[in-house]
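Colleague: The structure follows.
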Amino acid sequence: QVQIVESGGGLVQPGGSLRLSCAASGSIFAIFGMGWYRQAPGNQRELVATISRGSTTTYANSVKGRFTISRDNAKNKVYLQMNSLRPSHTAVYFCTVAAIGDSYWGQGTQVTVSS
């Protein structure tokens, strides 16, 4: 059984910061890709950022320069540091993990940017 658990979401004022964390555990082997997606109400789920095992990163254009993805391979964890947040960043953020044989998703963590 595989568990993907996100944490770190919450309510933050515009201009503030949040750090999301995601931990993968259970019968999961050889993780190669990890990433974050988000889904705002009424919208489709969209890519935010990904990171390879070798720490090659990709970002959605809308978050470049504001968000930073990182990972700890020894702990099977991935992080998303979000700075200079805007109301448009409000969404449920999902962690995804790609491993040999399958990919996995967490349940999501709500991020709300509002004054």
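Colleague: Would you mention how many residues in the stretch 61-80 are polar (S, T, N, Q) and open to solvent by 60 Å² or more (accessible area, probe 1.4 Å)?
Modeller: Of the residues in that region, 3 qualify.
Colleague: Name the pairs whose Cβ atoms lie under 9 Å apart, with the first residue in the stretch 48-73 and under 16 Å from residue 38 (Cβ atoms) and in contact (Cβ under 8 Å) with a residue 12 or more places away in the chain, the second open to solvent by 60 Å² or more (accessible area, probe 1.4 Å) and among the basic types (Lys, Arg), and 6 or more positions between them or separate chains?
Modeller: Here the result reads 66/86, each pair linking the stretch 48-73 to a residue that is open to solvent by 60 Å² or more (accessible area, probe 1.4 Å) and among the basic types (Lys, Arg).
Colleague: Tally time: how many residues in the stretch 18-54 are surrounded by 12 or more Cβ atoms within 10 Å (Cβ to Cβ) and not in a strand (DSSP E or B)?
Modeller: Adding up the residues that qualify gives 4.
Colleague: Continuing with this model, one more query. With the structure loaded, tell me whether residue 88 is over 12 Å from the mean Cα position of the chain (by Cα) and on the phi > 0 side of the Ramachandran plot or whether it fails that test. Write out each step before concluding.
Modeller: Working: over 12 Å from the mean Cα position of the chain (by Cα): yes; on the phi > 0 side of the Ramachandran plot: no.
So residue 88 fails the test.
Colleague: Inside the stretch 1-43, can you point out the residues that are more than 16 Å from residue 67 (Cα to Cα) and charged (D, E, K, R)?
Modeller: Answer for the stretch 1-43, where residues must be more than 16 Å from residue 67 (Cα to Cα) and charged (D, E, K, R): just 6.
The values are calculated or read from the model by the stated rules, or taken from the named source; none is laboratory data. These numbers come from a predicted model, not from an experiment. All Cβ positions, glycine included, derive from the backbone under ideal geometry; neighbour counts span all protein chains shown. Remember, those area values only see protein heavy atoms, side chains included, never the ligands or the DNA or RNA. Shrake-Rupley method; radii C 1.70, N 1.55, O 1.52, S 1.80 Å.
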